[in-house]
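Data first, discussion second: the structure below is written as structure tokens.
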2 protein chains.
Amino acid sequence: MELVERALAGDRRALGQLLRRVEDGTAEGREALRLLYPRSGRAHVVGVTGTPGSGKSTLVSQLALGLRQRQRTVAIVPVDPSSPLSGGALLGDRIRMQELAGDPGVFIKSMAAREALGGLAETTADVVAVLDAVGHDVIMIETVGVGQAEVDVVRTAHTTLVVLVPGLGDDIQAMKAGLLEVADLFVINKADREGADTLARQIRAMLALGAPMDRPPPILLTVATTGQGVEAVLAEIDAHWRYLVESSQLVRRAQEQARRRVLELARTALLARLSRQLGGSGLLEEQVAAVAARQLDPYTAAERLVEAVLPSP
Amino acid sequence: MELVERALAGDRRALGQLLRRVEDGTAEGREALRLLYPRSGRAHVVGVTGTPGSGKSTLVSQLALGLRQRQRTVAIVPVDPSSPLSGGALLGDRIRMQELAGDPGVFIKSMAAREALGGLAETTADVVAVLDAVGHDVIMIETVGVGQAEVDVVRTAHTTLVVLVPGLGDDIQAMKAGLLEVADLFVINKADREGADTLARQIRAMLALGAPMDRPPPILLTVATTGQGVEAVLAEIDAHWRYLVESSQLVRRAQEQARRRVLELARTALLARLSRQLGGSGLLEEQVAAVAARQLDPYTAAERLVEAVLPSP
């Protein structure tokens, strides 16, 4: 495939086109993924999530600059699961573009929620696999907000940073929001504000309440706008990678993710098969109408459709 | 089924047990749903979402009190999609419990995310169907946060309230977060704070930017702690219901929801069938290992599994 070869040769425009096809799930995108998947699995995938307004974008830009100084190539994938209908790019993007513009070692690919067959986490995983395969050393997935969709997205990362800011009541909210459990590393950004130490103490207290951890997440303080503390974060990201490798967790995670992914895709493929096989028979419309009219519960209706395609042995 | 009959007769403990079985997706729960589904479809389902800290719980309590004064029975379903691992109940619940405690016309059923087969939106829809079937006039689904999961949950409602508060930069965030599109009614709570009028203007401006609407959502101001403005919200909720009935949107929504629901359940049922049929063959493990080792892309692996169970015609 020409687009794949050009992307592998470092053609950024070709890479952009390829990613769009992968994102859209076109036949060409699938084929590209098939070709590129065996080349993936080398990159360190870092998820960055946290409360809105915590300065995630700025922090990610600073981390990217630091990685570039270490001669590592970087891809940034901002993900906005909360804009299902607008599908627009993220706010901070234009600013970041300027900072990192012109550096051939940095590639940025925004993702927005869409009514695709696969969920956003799945599509993001595909995009990450391609960015990985074409040779990026570090891929940073950056989310907005703190909902379940964000948690799903960051679960595909090797290392997850949770970014919080002092002085927002929302911090506790964020921790309640399941983020506590996914964090490999806490970053308290805007740490020049009052309350940074208090917040660090609160995080430690909440961690202490939970189950004992093999590796309690470090808590680091940064001021992303000035770059303060960013080097320490980079060091911890590297330390976490070494931990994953040495504890064999990297292998275990890859297996878990492969299982989840394959089953999810099988589910979707089966549904497509179902729609195709039922197409024109009118059975689907019949069942939907019965459920809408409350004559039938949705489970029984679904079971009838499945039986029609794949009779019980 | 005895539990169903007791729940229909108004036994609250039986209803609680029944809902737990429905939530857990047990065989008994499915059977209960099958029996009760034809009795559902009468209740007005109201979704309440918005930024954390906007006072949603207090507002919902006040709305419930107002509905009770109008002799209507009420169920409240607080949903917390952001606590996938803790699975705990919501913060405001204990306070609310006290306010409404002892009123047999109010039933509260909390929902937390779980690693269930169906998603939270699906399970919530089942729970709502049961609460509807046993005779609640109004069912209020209340979410925390503003992510995609929340949007999915409120999509199952007839009428969606988006609650915002003045003076948080987060408000704009919330609107960006796809909530603008799902709102049937905006409520600016804590409207005694500075900035309520500014916020109302901002919402109006954002609505004006979007596509023309058949029924632009009204924007109401409340102070839920004192009850101020709550009557007007109740009146608008009723007005929206009348609009849905008169514009035939109620029927159309029911059909759309039935379709989405049946297809989603068929997908899950097919996957269960797949797992069962592949069980012991080792094919699943083989494919997962190949994907984890990056020898194979997940799409090809999934396709092989599907072919094994349901060969292409």
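Looking at A:GLY25 and the list (1) more than 14 Å from chain B (Cβ to nearest Cβ); (2) surrounded by fewer than 22 Cβ atoms within 10 Å (Cβ to Cβ), which single condition is not satisfied?
Every listed condition holds for A:GLY25 apart from (1).
Going by the conditions given, is A:PRO212 at negative phi and away from chain B (no Cβ under 14 Å)?
For A:PRO212, the condition - at negative phi and away from chain B (no Cβ under 14 Å) - is met.
Go through A:LEU250, A:LEU270 for me and flag whichever is more than 9 Å from chain B (Cβ to nearest Cβ) and farther than 30 Å from A:LYS190 by Cβ.
Selected residue: A:LEU250, the only one of A:LEU250, A:LEU270 that is more than 9 Å from chain B (Cβ to nearest Cβ) and farther than 30 Å from A:LYS190 by Cβ.
Within the stretch B:1-27, count every residue that is of a type in the set (Asp, Glu), out of contact with any helix residue (DSSP H, G or I) (no Cβ under 7 Å at 6 or more places or on another chain) and either assigned to a loop (DSSP other than H, G, I, E, B) or within 19 Å of B:VAL77 (Cβ to Cβ) (or both).
2
Among the numbered criteria (1) in contact (Cβ under 8 Å) with a residue 40 or more places away in the chain; (2) touching a strand residue (DSSP E or B) at 6+ places or on another chain (Cβ under 7 Å), which one does A:LEU199 miss?
(1)
Please give the helices (runs of 4 or more DSSP H) falling wholly within the stretch B:221-313 in which 1 or more residues are under 23 Å from the mean Cα position of the chain (by Cα), without any contact (Cβ under 8 Å) to a residue 24 or more places away in the chain and closer than 30 Å to A:GLU28 by Cβ.
Qualifying helices (runs of 4 or more DSSP H): B:249-278.
Just one of B:VAL251, B:VAL245, B:VAL230, B:VAL223 is in contact with an Asp or Glu (Cβ under 8 Å, 6 or more places away or on another chain), closer than 26 Å to B:LEU67 by Cα and of a type in the set (Val, Ile, Thr); which is it?
One residue alone meets the criteria, B:VAL223.
More than 14 Å from every other protein chain (Cβ to nearest Cβ), small (Gly, Ala, Ser) and surrounded by 17 or more Cβ atoms within 10 Å (Cβ to Cβ): which single residue out of B:ALA224, B:ALA235 fits that description?
B:ALA224
Could you grab me the full set of residues in the stretch B:194-216 that are assigned to a loop (DSSP other than H, G, I, E, B) and closer than 17 Å to B:VAL165 by Cα?
The answer is B:GLU194, B:GLY195.
So that you can scan it fast, the table gives a plain yes or no per residue for (1) under 15 Å from A:GLN255 (Cα atoms); (2) facing chain A (nearest Cβ under 7 Å); (3) in contact with a Gly (Cβ under 8 Å, 6 or more places away or on another chain); (4) crowded, with 21+ Cβ neighbours inside 10 Å:
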site: B:GLN257; (1), (2), (3), (4): no, no, no, no
site: B:LEU263; (1), (2), (3), (4): no, yes, no, no
site: B:LEU278; (1), (2), (3), (4): no, no, no, no
site: B:ASP297; (1), (2), (3), (4): yes, yes, no, yes
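Going by what's in this entry, would B:ARG304 be described as within 14 Å of chain A (Cβ to nearest Cβ), surrounded by 15 or more Cβ atoms within 10 Å (Cβ to Cβ) and over 28 Å from B:ALA125 (Cβ atoms)? Show your work before the answer.
Values: within 14 Å of chain A (Cβ to nearest Cβ): yes; surrounded by 15 or more Cβ atoms within 10 Å (Cβ to Cβ): yes; over 28 Å from B:ALA125 (Cβ atoms): yes.
Answer is yes for this residue.
Coordinate-derived values only; no laboratory data. Source: prediction; values computed, not measured. All Cβ positions, even for glycine, are placed from backbone atoms using ideal geometry, and neighbour counts span all protein chains on display.
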